[in-house]
Amino acid sequence: MYPCPKKINKYAIFSILIVFLSSLCAYFITEYMNSLQLGMLNITDIPQSYRILFKVSSSIASVIPIVIFLFLYFSSEIMFNDLFGEEIEKYVLLKILEISFIPMLIYQYFFWFNILIYCNTISIKEVSDFINMTFMYGLTLEDFGFINLICWGIVYLVPVVYFIYKEVNFVSTIVSFLLPSFLTLFFYYILTE
């Protein structure tokens, strides 16, 4: 077995940390929202099978950031290096993806903080209470949705801008980062409609 270069190890550790923190946050947001649902319905005791289902949903939510990060890393690495022959180093790709995920991580923890502070069974009696709720700085759920959209844009924009700045071919950069995600979304919408 060949040892990994120190650069890859250093960036891999930071990338794993960022993705792990993101997964942890997704898990706890889902767990809290599940408990909030039960609290709103005044359910104090649920069957074990439902508890297992709630844990499964929280676990799936925690895996999503890992899957997205790995998908972006491997799809762009294959597209850059195998399809276009750009020879992008793996640690550079890890570093730039790690940087692009930081705003999303900050957003997730800010959203989680707001849910913990403002969402409880006292302030939420019906679904409309949650939908119309005002959070910190006067933010609404629509505002959080917009911030989330901006963070996803940053996840894609940072690598594209970086590689264009480093004079990697414009077409190969755009195709490497956007085409796999576009195709995945396209097939998802075709299969779910």
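The values are calculated or read from the model by the stated rules, or taken from the named source; none is laboratory data. Please read all numbers here as calculations on a predicted model, not as lab measurements. Please note: Cβ atoms are built from the backbone with ideal geometry, for glycine as well, and neighbour counts cover all protein chains shown. Remember, those area values only see protein heavy atoms, side chains included, never the ligands or the DNA or RNA. Shrake-Rupley method; radii C 1.70, N 1.55, O 1.52, S 1.80 Å.
Pairs only if they're at least six apart or on different chains, beta carbon under 7 angstrom, first in region 160-177 and touching a residue at least 40 places away in the same chain (Cβ under 8 Å), second of a type in the set (Gly, Ala, Ser); list them, first residue then second.
SER176/SER76; PHE177/SER76
Quickly run through region 139-152 and pick out the residues that are acidic (Asp, Glu) and either touching a residue at least 12 places away in the same chain (Cβ under 8 Å) or open to solvent by 90 Å² or more (accessible area, probe 1.4 Å) (or both).
The answer is GLU142, and nothing else.
May I ask you to list the residues in region 124-169 that are in contact with a helix residue (DSSP H, G or I) (Cβ under 7 Å, 6 or more places away or on another chain) and hydroxyl-bearing (Ser, Thr, Tyr)?
Across region 124-169, the qualifying residues are TYR156, TYR162.
Can you tell me which residue among LYS125, LYS95 is touching a residue at least 60 places away in the same chain (Cβ under 8 Å) and either part of a loop (DSSP other than H, G, I, E, B) or open to solvent by 80 Å² or more (accessible area, probe 1.4 Å) (or both)?
Unique residue meeting the criteria: LYS125.
Report whether or not ILE150 is at pLDDT below 95 and assigned to a helix (DSSP H, G or I).
Judged against the criteria, ILE150 is not a match.
With (1) free of Cβ contacts under 8 Å to residues at least 24 places away in the same chain; (2) assigned to a helix (DSSP H, G or I); (3) open to solvent by less than 80 Å² (accessible area, probe 1.4 Å); (4) not small (Gly, Ala, Ser) as the list, and THR184 as the residue in question, which single condition is left unmet?
(1)
If a residue has to be at pLDDT 90 or above, of a type in the set (Phe, Trp, Tyr) and more than 16 Å from LEU21 (Cβ to Cβ) to count, how many in region 88-130 make the cut?
1
Could you check how many residues of region 153-173 are closer than 17 Å to ILE68 by Cα and open to solvent by 80 Å² or more (accessible area, probe 1.4 Å)?
So the count comes out to 1.
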